[in-house]
Amino acid sequence: MLSQLKPFSFDASILQHHSHIPPQFMWPEEEKPCPEPPPSLDVPPIDLGGFLSGDPEAISNATRLVDQACRKHGFFLIVNHGIDMNLIEEAHKGTNFYFGMPLEEKERALRKPGDHCGYASSFTNRFSSKLPWKETLSFRYSNEGHLSSVVEQYFWDVMGANYASFGRICQKYCEAMNTLCLNVMEILGISLRVGATYFREFFEGNDSIMRLNYYPPCRKPDLALGTGPHCDPTSLTILHQDDVGGLEVYVDEKWHSITPNPQAFVVNIGDTFMALSNGIYKGCLHRAVVNSATPRKSLAFFLCPRMDKIVRPPKQLVSEGNPRIYPDFTWPALLEFTQKHYRSDMKTLESFVNWLQQRSTKSSEHYLQVEE
Ligand SMILES: O=C(O)CCC(=O)C(=O)O
């Protein structure tokens, strides 16, 4: 089937009005969206302001709720987060501005094969099946001092002076997400009983990824998916969705919606944190559906460790009754695996471990560098 599909290029601004969609965007029966919106998932709202105030009751509530959610499915909301609502709004406006540009303009940031940063569109030049109905722009953020303008610089270098202001907004937005992630790491450190600073320190100097997702309307939303089912291979995802709705999570063998809340960030555990917690905290399958009337946007910040950090659980999380599940690895190895060899699903870590084991000792050593 795959080999019969011709390469194609569509203009999403035209395709969104077509009542027939190309077969590359039709998902198999068992993966199609639910005919009716599924019930909402009960995701606990975590009061970050309360936690940071040092109030013992607020700390105990936040850590208890996070612990329950992460043992079961790894999704929770952060409210009272202290991030300037104007910054969030500006980031959404800039996202509209960028994706509203003609294709040749957006393609100035075109993602190169094998790279994970840049502009990617399922609507252009792909031989494939089960394509997501979306366009994305991804870029690197680093918390290392000498890379303190890496986002701003990216927009300037790739898109030019007209995007300098949006680049500054994205830089600020990523810095805010970095702060938020490190605060969440304190909650996770307490809830896993390894101390507030353990994971915060592990992620200092992180080398993370920001992705802007844009889902045009689709006249056949019952056949297509905006983002196919996947687990995030990264460590922690902080997502802000607009008010359209479409994010769904697979819990207890069914899909559930995550109702939009502009005041909240949706947070989920990724595979790398699952490994850091020795499998105690779970990431779970999620996807995004599309609709026939309204474009949808989401801003996703993916926290990733510094490239040379060894992903290994702290000794408090390993015992005779709870032995190591995953071997030591580095984030670049898992990134390569999910970019080149494997579409992320519920079994990514298991498959990654098998892949690592199959490689020669020599090349494994390349991935298992020793931390400074
Ligand atoms: O747009 C969404 O709600 C989900 C996005 C997502 O899962 C992703 O970018 O990996």
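Remarks
- Contact order for the chain, expressed relative to its length and based on alpha carbon pairs under 8 Å spaced 6+ residues apart, stands at 20 percent.
- Bridges between two residues of the chain, per DSSP, are antiparallel at a rate of about 90%.
- Spacing of the two label points (7 Å from each Cα toward its C-beta) at Ser60 and Ala161, in nm: 6.0 nm
- Alpha-carbon Rg/Rh ratio, for region 184-294, with Rh computed the Kirkwood way: 1.02
- Interchain or long-range residues, amide H under 5 Å from Tyr141's placed H: Ser208, Ile209, Met210
- For Leu110, distant residues with modelled amide H under 5 Å away: Tyr119
- P(r) weight above 35 Å for the chain, C-alpha pairs, percent: 23 percent
- Computed 3J(HN,Hα) for region 90-101, one whole-Hz value per residue from the Karplus formula 6.51 cos²θ - 1.76 cosθ + 1.60 where θ = phi - 60°, is 4, 5, 5, 4, x, 5, 4, 4, 5, 6, x, 6, glycine and proline marked x.
- Estimated FRET transfer efficiency (Lys315, Arg111; beta-carbon r; R0 30 Å; 0.05): 0.15
- Charge sum, other residues only, whose C-beta stays under 15 Å from His341's C-beta, Lys/Arg counted +1 and Asp/Glu -1: 0
- Between Lys220 and Thr259, the simple spin-label model (points 7 angstrom out along Cα→Cβ) gives 3.2 nm.
- Folded to 0 to 90 degrees: helix 348-358 orientation relative to the chain principal axis, Cα: 80 degrees
- Nearest-ten-degree value, helix 164-191 long axis tilted from longest Cα axis of the chain: 40 degrees
- Computed over region 104-221, the range of Cα coordinates on each principal axis works out to 49, 36, 25 Å, biggest value leading.
Values in this text are rule-based calculations from the coordinates and carry no lab data. This is a predicted model, so every value here is computed, not measured. Positions of Cβ are generated from backbone atoms using ideal geometry, with glycine treated the same way; all protein chains shown enter the neighbour counts.
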